[in-house]
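Remarks on the structure that follows.
None of the figures in this text is laboratory data; all of them are computed from the coordinates on show. This one's a predicted model, so the numbers in the text were calculated from it and none came from an experiment. Cβ coordinates were reconstructed from backbone atoms using ideal geometry, including for glycine residues, and neighbour counts include every protein chain displayed.
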Amino acid sequence: MTIPSAGGRGFVSDGGLETDLIYHYGLELPAFAAFPLVESTEGRAALDRYWGRVADIARGADAGLLLEAPTWRANPDWGAQLGYDSAALDRLNRAAIDMLAEIKTERCGDVADVAVVGVVGPRGDGYVAGDRPEVSEAADYHRAQVGSFADAGADLAAAYTMTGPEEALGIATAANELGLPVAIYFTVETDGRLPDGTSLASAIARVDAAADVVYFGINCAHPTHITPALTGEPWTRRVGAVLPNASTKSHAELDAMEELDEGDPVQLATEVAELRRRLPSVAVVGGCCGTDPRHVAAMWGVPTS
């Protein structure tokens, strides 16, 4: 596979799913986990409404759409905190993909191109770098979730908010073994480096040399945090996605906040446009923490309600 594209316009990704659901839908997400919503009628209705708004943006932009599962926390460690064992996680990860397949059929018939994506999150906290695992350990840990996505018929697995190259490479390795295309998204601190101190260039180069990755992305960082990493080297052509935070605050500052920093959607769109100028392969654009359909629509230049 190559970097996704649709009609020359690319793919719309969603906004900050969890922060949008918490602050604008009034839902409680213990441990910042959205996957339990798949089990309830209320939760599925909220997700359907959420994705309906994102589909409208893709339609308005004449672009493709990535329907991404609410499974960022649906791994063994986070699942255990919420009372889900391995069998329950397998069931919910599969159900999330099935739900998105239904949304694709019911809401996206006239969208240029739609891919259903199984989302993998870090074993630890996406804002803080934990212990560096062995690549084989990370592959073993994440293999079950990636396998659930593959068995359910997902088009792509996407690992979000990776804080170091080892875990990212483990996920990519597991996806390669299972035959499911995979994208890897790293997050960066205000200096443009990963939370574990690795440069973005080095992290991408290491994973790219050892695994088959469809494209790399950057998420959960403001454009002003991403810019210092852009050295103009050839590796930047492997960056196919940008999903920024709305806020200019650091991860540590955001973690301590009790109110949502929604930033300025118009200003964010301007800054993302400049990032796209410097990252010529970017075809997937959406948002992360603090963003919602207003921000995503602004980035794609379409109106939203």
Along the dipole axis of the chain (charges at Cβ: +1 for Lys and Arg, -1 for Asp and Glu; origin at the Cα centre), the most positive-end residue among 80, 288, 223 is 223
Gain in span if fully extended, residue 105 to residue 48, counting 0.36 nm per residue against the direct Cα distance
19.3 nm
Take every DSSP beta bridge with both residues inside the chain and express the antiparallel ones as a percent of the total, to the nearest 5.
5
Can you work out ³J(HN,Hα) from phi for every residue in the range 267-276, in order, using Karplus 6.51 cos²θ - 1.76 cosθ + 1.60 and θ = phi - 60°, giving whole Hz and x for Gly and Pro?
5, 4, 4, 5, 6, 5, 4, 5, 4, 5
With -39,500 (n - 2.57) per DSSP H segment of 4 or more residues and division by the full residue count of the chain, the 222 nm estimate, nearest 500 deg cm²/dmol, is -13500 deg cm²/dmol
Along the charge dipole of the range 1-103, which of 64, 40, 24 sits closest to the positive end, that is, farthest toward it, with unit charges on the beta carbon of Lys, Arg, Asp and Glu (+1, +1, -1, -1)?
64
Let me see the pair-distance distribution of the chain: every alpha carbon pair, 20 Å bin width, integer percents in order.
37, 61, 1
List, in order, the whole-Hz ³J(HN,Hα) value for each residue of the range 13-21 obtained from phi through the Karplus relation with A = 6.51, B = -1.76, C = 1.60 and θ = phi - 60°; use x for Gly and Pro.
9, 7, x, x, 3, 5, 5, 5, 5
Inter-label distance, nm, simple model (7 Å from Cα along the C-beta direction), residue 151/residue 86
1.1
List the residues, sorted by chain then number, that are 5 or more residues from residue 114 or on another chain and whose placed amide H is less than 5 Å from its amide H.
65
